[in-house]
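As structure tokens, the structure follows; a few thoughts come after it.
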Amino acid sequence: MTHPVIEQLIDAQLAFLDQEFAQSDTIQTEFKEFYLWFRKQTLQNIWSFEQINQLLQKQILATPASEFLIEQIWEHIRFALIHPSNDNTSIEEIIPVKTIDKIAQYVASKSSHRKALIHRVVNNPAFSVMLTQLIHHSIQDYMDNSVMNKKVPGVGRFMKMGKSVLETVIDTNLDDTVKHYLQKNIIKISQLSEQVINQHFDDDKLYHFQANLWHKIKKQPLNVVRNYVEVNDLPNTVGMGHEVWEHLRQTNYLQQQVHDGVYAWYIRNQERPFDLLLRDLNIDEALIEHELQSLLSPIIQHLVSSEQLRTRARCYLEKFYYSKQTLKILQIDKNA
């Protein structure tokens with residue numbers, strides 16, 4: 001059932017809304033008024049911890065990344081790596097030398113951490129095996145290919161004869177004897193290695209090592225990164241990273257981490273108004289007024305011009321005018 005008076009009222013109101021929102025000043029005013037109201041609301045008055053946690057758990061942890069998103073990730077990395085500006089931009093142009101110096105001083109100052117790391121590496125069985133093999137091969141290489149062997153006639157034959165005699169005396173193979181000695185004394189050798197490494201990488205030497213490394217690479221163009229990143233392999237490398245994330249996001253560990261992290265953040269911020277929360281993200285009233293407003297105003301204007309707003313407004317106006325209360329006020333019989 002429609003009524004001519006009600007239809008005229010609806011059309012008049014829709015025309016009024018079209019006229020008002022067609023003006024950019026109206027959109028800017030309403031946008032700013034909404035922000036002024038919103039900025040004074042506290043977090044706990046708008047959202048609960050459960051709502052935020054459920055949203056993150058569902059959209060980030062429970063929802064797998066789409067193939068399109070994965071493709072976009074490696075495509076953007078690829079685009080950044082092959083960008084022409086990398087050929088004409090040096091490393092020092094994008095990384096400030098003061099920051100590099102601070103990093104060098106910071107790394108060099110961590111003596112206890114560095115010594116603990118060196119101790120762990122040196123005392124690892126794999127390091128002992130590697131060191132044993134390295135020393136053994138060095139001795140073997142010296143015996144077989146020393147400068148003396150090559151330059152002094154007869155020395156090579158003498159060395160082999162001496163080796164043979166020695167093996168006869170000790171009743172075993174010289175290589176096996178050297179290996180046995182190294183294995184027996186590898187702990188002492190490892191301890192000596194640890195001392196030498198710590199002496200070589202003390203605070204001052206490590207700082208200068210980093211400084212010298214910076215001076216060697218600072219003039220190089222950014223495209224040197226492509227020497228260490230295979231651009232054509234990005235779909236595979238990003239895909240492997242995605243596989244790790246796919247497993248990690250479904251673990252109880254990460255779900256608990258997100259839950260507890262969000263809860264700790266919520267407890268700290270639940271009584272803070274949104275203007276302070278937004279300010280943490282560098283969003284303040286000036287940004288809203290001069291940047292976001294200009295960005296969003298065309299969207300609202302397009303919404304009005306496309307009659308989307310008119311269509312939705314008519315839906316609710318019809319519900320209002322044809323409700324029992326409104327018909328009673330207008331003294332219109334619903335069944336007439």
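The values are calculated or read from the model by the stated rules, or taken from the named source; none is laboratory data. Every value quoted in this text rests on a predicted model; they were computed, and no experiment measured them. Please note: Cβ atoms are built from the backbone with ideal geometry, for glycine as well, and neighbour counts cover all protein chains shown.
Quick check on my filter: what residues within segment 298-326 are under 22 Å from T2 (Cα atoms) and of a type in the set (G, A, S)?
Scanning segment 298-326 gives A313, S323.
Right, E271: touching a Ser or Thr at 6+ places or on another chain (Cβ under 6 Å) and surrounded by fewer than 15 Cβ atoms within 10 Å (Cβ to Cβ) or not?
So E271 passes the test.
Being among the charged types (D, E, K, R) and in contact (Cβ under 8 Å) with a residue 24 or more places away in the chain is the filter; apply it to segment 298-320 and report the residue that is surrounded by the most Cβ atoms within 10 Å (Cβ to Cβ).
R310
So the check is Cβ under 8 Å with 6+ separation or different chains; which pairs have a first residue in segment 233-244 that's among the hydroxyl-bearing types (S, T, Y) and a second one that's surrounded by 14 or more Cβ atoms within 10 Å (Cβ to Cβ)?
Partner pairs satisfying both residue conditions: T237/W74.
Under the condition of being part of a loop (DSSP other than H, G, I, E, B) and surrounded by fewer than 15 Cβ atoms within 10 Å (Cβ to Cβ), which residue from segment 274-293 is modelled with the lowest pLDDT?
Among them, the one singled out is D284.
Q23 - would you say it is free of Cβ contacts under 8 Å to residues at least 24 places away in the same chain and under 27 Å from Q308 (Cβ atoms)?
Answer is yes for this residue.
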